[in-house]
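Below is one structure; the comments refer to it alone.
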Amino acid sequence: MPPTLEVRNLRTHFFTRAGVVKAVDDVSFAVDRGKVLGLVGESGSGKSVTGFSILGLVDPPGRIAGGSILFQGQDLAGLSEEEMRRLRGNRIAMIFQDPMMTLNPVLRIDTQMIETVLAHAKVSREEARQRARDALGQVGIPSPEERLRAYPHQFSGGMRQRVAIAIALLHKPDLIVADEPTTALDVTIQGQILAEAQKLCAESGTALIWITHDLSVVAGLADDIAVMYAGKVVEEGPVTQVLDAPLHPYTVGLIGSVPSRNHRGEPLRQIPGMTPSLLNLPAGCAFRARCPRAEARCAEPPPMAEYRPGRFARCIHPYEEAAAA
Amino acid sequence: MNTVPEARPMDVVLDAPRAAAQDAPPIVELRGVSRRFATSLDFAAKLAKRLGVKVREDVVHAVDGVNLSVRKGEVVGLVGESGCGKSTLGRMVAGIMPPTDGTVLWHGRDLKALSGAEARQAKLRTQMIFQDPYASLNPRLKVAEIVGEAPAFHGLVGRGGLDDYVDEQLRRAGLDPALKRRYPHQFSGGQRQRIGIARALAVQPDFLVCDEAVAALDVSIQAQILNLFMKLRRELDLTYLFISHDLGVVEHLSDRVVIMYLGRVVEEAPAEEVFARPNHPYTRALLAEVPRIEARKRAFAGVKGEIPSPLNPPPGCHFHPRCPHAFDRCRVERPALREIAPGHRSACHLNDAA
């Protein structure tokens, strides 16, 4: 059986007046049924644009300039807008950082949810309402029947995010792309949402792509991690291996930057400098200006290589297991 | 959820300042400080009130009877979720917002009773660093003006020396002085936060109140700024009140941690004590929910329920509707903040029962 989603050499470029911004440049990964992939990166690394590309939500001047997005074997990049619309919200759903991207502020929750059900399923209004009620209950919203009649502004931030997740769940999608869904939430509320996400994958076999800047969240949630930097995946592999024995110097720096009890009171291992502008990226490895191991050979673009089974890194001099610990 | 992280020996780096801090006099002391915000009535509501209609004025108890002291040389971490009043408390500590009730003592003296010159001194020696480096810098001023304005106005440096003085502040905050003729919009988020730090340091404060100062930054940039805060602490003998919702950041920096929930302090203890032996059920829940990079493929549980509205907080202990151990007394009586171990205070009725 093919993986639920396989992205191959995806390129999403923005053709702006100032030049071509290669927001996503040769990105490949795969997610299996019931698995969670953590897509990690800092602002401007291209992680959100990758998510938007999968859903076909890239607006001009951006467009998919190459590669394929195989969803259950079918290439999404070649679909017409009409065909894409039949999949989106049905088999593939997205959860945004700001739930108000999903919710219409002037419509009641029931109106919005029933509309979503009827868009893809031939059922009666009453049955659609029943499904909406079940979905709200599934994400832990108390007295769903009552809450269906509320407007989005009558919910707290955490509750709104639950409603957005409930809408994503209405058609029991095979793939959910979640873009920083808990970043704006408080820790105790984030815990609730992460618990729902775990339950969902385990129970319904939904594949989940969790886009985040927070390594600690994916450490507890994901099965695999792909780390992005300047539009490229620089490292990929199973969560434990990537976090315990990172190969790429950027991943090493990112893990070192997380304030953790291991370094209490000592200076954090910081990455010098800042993320380069995607408009005029240097040739070769984009990280080499900040990299402690940079050498002349890094001016050549490094290929993605498999250093150990299932462990990929885009670096010509990766760290060995012991060095990174 | 009661998996208590094991205690770690105190780091050598922290030993020296802590020993000094323990018997140092408090720089700032809050005694029974509260801050309430009332929604102001609009014209129609005022008219209705005049005509005898009962109009309810909503009052938010942002901070409710807090005692807190910050001693010279220590870093106090103030933790809480949104709406718990930590920013309001920070503003009152910094002296830029007067409390509704209670007193703020600055070096042992009531802030309200200080004379003009002394009050100015107090304000200068306490500086604040804000969360949003985009909103806290005047977009129409060049960096040199942003950093140099206050020291020039307060006569900390003569006109002739101002240029060099500004250069020194920028260098200390890790910025190239060659960039000082630029405007804030020409800098990245991390660089702007450095400008904010240089501006605060330019008036030679001994106490910094940092309100979510690294929350808006990327992880790698956040690490740079946190390292800068620690370097400045050593070099300038600074005292910090570090307000954050991020327990990882607070744990990394602080000597002492204060945890707030819905306007009240629920627990206060030395940092390693809080993380090793959390007492209050809220603190325990909070620690259990913090995603940690060391914890792999764990089961998240989530504290049940929502954070209640500060407009209408639950009676008794504010945490009781979400607390797994709540009993009758919690629903009616506000628990006092009591010492349960040396330097470790917690506001929970369960400690009396034991």
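For A:Tyr229, enumerate residues with amide H under 5 Å from its amide H, sequence gap 5+ or separate chain, H modeled in the peptide plane.
Amide H neighbours of A:Tyr229: A:Val234.
Residues of segment B:137-159 with amide nitrogen under 19 Å from the 7 Å Cα-to-Cβ point of B:Gln204?
B:147-159
Residues of segment A:134-161 with amide nitrogen under 12 Å from the 7 Å Cα-to-Cβ point of A:Arg108?
Residues passing the 12 Å test: A:145-152.
Any idea what the relative contact order of segment A:1-113 is, in percent, if you count C-alpha pairs under 8 Å spaced at least 6 apart?
On the way: 149 pairs, mean separation 31.8, N = 113.
Answer for segment A:1-113 is 28 percent.
Using a 1.4 Å probe on protein heavy atoms only, how many Å² of accessible area do A and B hide from each other, summed over both chains and rounded to 100? Display every interim value, and only then the final one.
Values: alone 15520 and 18250 Å², together 29550 Å².
By this definition, chains A and B bury close to 4200 Å².
Suppose every Lys and Arg Cβ carries +1 and every Asp and Glu Cβ carries -1, with no other charges. What dipole size does chain A come out with about its Cα centre, to the nearest 20 debye?
Working: 35 positive and 36 negative charges, 75 e Å.
Using only the charged Cβ atoms, the result is roughly 360 debye.
Scan around A:Gly140 for amide H atoms under 5 Å from its own, H built in the peptide plane at 1.01 Å from N, and keep only partners 5 or more places away or cross-chain.
Hits under the 5 Å cutoff: none.
In whole percent, what relative contact order does chain A give with Cα contacts below 8 Å and a gap of six or more residues?
Once divided by the residue count of chain A, the mean separation gives 21 percent.
Run lengths n ≥ 4 of DSSP H only: what is the helix-derived mean residue ellipticity at 222 nm for chain A, with -39500 (n - 2.57) per run over all residues, to the nearest 500?
On the way: 11 runs with 103 residues, N = 325.
Rounded to the nearest 500, it is -9000 deg cm²/dmol.
In whole Hz and in residue order, list the ³J(HN,Hα) couplings for segment A:83-95 that follow from phi through the Karplus curve 6.51 cos²θ - 1.76 cosθ + 1.60, θ = phi - 60°; x for Gly and Pro.
Values per residue, Gly and Pro as x: 5, 5, 5, 5, 7, 5, x, 10, 8, 10, 10, 10, 10 Hz.
Extension gain B:Lys112-B:Ala48, at 0.36 nm per residue separation less the Cα-Cα distance, in nm? Don't skip to the end; give the middle numbers.
Details: separation 64, 0.36 × 64 = 23.04 nm, distance 3.66 nm.
Here the segment from B:Lys112 to B:Ala48 would lengthen by 19.4 nm.
Counting Lys +1, Arg +1, Asp -1, Glu -1, what net charge surrounds A:Glu235 among other residues with beta carbon under 9 Å of its beta carbon?
+1
Calculate the mean, over all residues of peptide A:213-224, of how many other protein chain Cβ atoms lie within 10 angstrom of the residue's Cβ.
Numbers: counts 3, 5, 4, 9, 4, 3, 8, 11, 5, 2, 2, 0.
The mean count of partner-chain Cβ atoms within 10 Å per residue comes to 5.
Could you rank A:Phe14, B:Phe327, A:Phe155 by how accessible they are, 1.4 Å probe, largest area first? Present the calculation step by step, with values, prior to reporting the outcome.
On the way: A:Phe14 50, B:Phe327 70, A:Phe155 10 Å².
Largest to smallest exposure gives the sequence B:Phe327, A:Phe14, A:Phe155.
For an R0 of 45 angstrom, estimate the FRET efficiency from the Cβ-Cβ distance between B:Ala24 and A:Arg293 and round to the nearest 0.05. Write down the numbers at each step before the final one.
Numbers: r = 44 Å, r/R0 = 0.98.
The formula returns an efficiency of 0.55 here.
Given a Förster distance of 22 angstrom, what is the FRET efficiency for A:Met304 paired with A:Phe15, based on the Cβ-Cβ distance and rounded to 0.05?
Numbers: r = 25 Å, r/R0 = 1.15.
According to the calculation, E is roughly 0.30.
Of B:Thr126, A:Pro303, A:Gln190, whose Cα points farthest to the positive end of the dipole of the protein assembly as shown (charges on the beta-carbon: +1 Lys, Arg; -1 Asp, Glu; origin at the Cα centre)?
Looking along the dipole axis, the top candidate is B:Thr126.
Please list, in chain and number order, the residues 5+ apart from B:Val257 or on another chain whose amide H is under 5 Å from its amide H, with Hs placed from the backbone.
Those lying under 5 Å, H to H, from B:Val257 are B:Gly77, B:Ala269, B:Ala271.
Say each of B:Lys142 and B:Glu339 gets a label point 7 Å from the Cα, pointing the same way as Cα to Cβ; how far apart are those two points in nm?
5.6
Please state the relative contact order of segment B:26-353 as a whole percent: Cα pairs under 8 Å, 6+ residues apart?
Values: 573 pairs, mean separation 66.0, N = 328.
Relative contact order comes out at 20 percent.
Just for chain B, what percent of DSSP beta bridges are antiparallel, to the closest 5? Let's see the in-between values first.
On the way: 27 of 45 bridges.
Approximately 60 percent, going by the DSSP bridge assignments.
What is the spin-label model distance, in nm, from B:Phe153 to B:Arg36 if the labels are put 7 Å beyond Cα along the C-beta direction?
Going by the 7 Å Cα→Cβ label model, 3.3 nm.
Could you calculate the FRET efficiency of B:Asp101 with A:Ala202 from 1/(1 + (r/R0)^6), where r is the beta carbon distance between them and R0 is 51 Å, rounded to 0.05? Could the numbers behind the result be given before it?
Details: r = 51 Å, r/R0 = 0.99.
Once the sixth-power term is evaluated, E becomes 0.50.
Ignoring ligands, DNA and RNA, what accessible area per residue does segment A:163-247 give at 1.4 Å, in Å²?
Working: 1800 Å² over 85 residues.
Roughly 21 Å² per residue, with all protein chains present.
How large is ³J(HN,Hα), in whole Hz, for each residue of segment A:135-152 in order, when computed from phi with the Karplus curve 6.51 cos²θ - 1.76 cosθ + 1.60 and θ = phi - 60°, using x for Gly and Pro?
Karplus values, whole Hz, x for Gly and Pro: 5, 5, x, 4, 8, x, 8, x, 5, x, 4, 5, 5, 4, 8, 8, 9, x.
Which value, in debye to the nearest 20, gives the size of the charge dipole of segment B:26-353 about its Cα centre, when Lys and Arg are +1 and Asp and Glu are -1 at the Cβ?
Details: 46 positive and 38 negative charges, 131 e Å.
So the dipole magnitude of segment B:26-353 works out to roughly 620 debye.
Work out from phi, with θ = phi - 60° and the Karplus expression 6.51 cos²θ - 1.76 cosθ + 1.60, the ³J(HN,Hα) of each residue of segment B:68-74, listed in order in whole Hz, and give x for Gly and Pro.
Result, ordered by residue: 7, 10, 10, 8, 4, x, 9 Hz.
Express as a percent, rounded to the nearest 5, the fraction of DSSP beta bridges in the protein assembly as shown (both residues included) that run antiparallel.
Values: 57 of 94 bridges.
Around 60 percent antiparallel, to the nearest 5.
Note down the nm distance, to one decimal, between modelled labels 7 Å out along Cα→Cβ at A:Leu281 and at B:Ala276.
Taking the simple label geometry, A:Leu281 and B:Ala276 are separated by 4.7 nm.
The values are calculated or read from the model by the stated rules, or taken from the named source; none is laboratory data. Remember, predicted model here, so these are calculated numbers, not experimental data. We place every Cβ from the backbone using ideal geometry, glycine too, and count neighbours over all the protein chains shown. The protein model used for the area step is the full one, side chains on, heavy atoms only, and it has no ligands, DNA or RNA in it. Shrake-Rupley method; radii C 1.70, N 1.55, O 1.52, S 1.80 Å.
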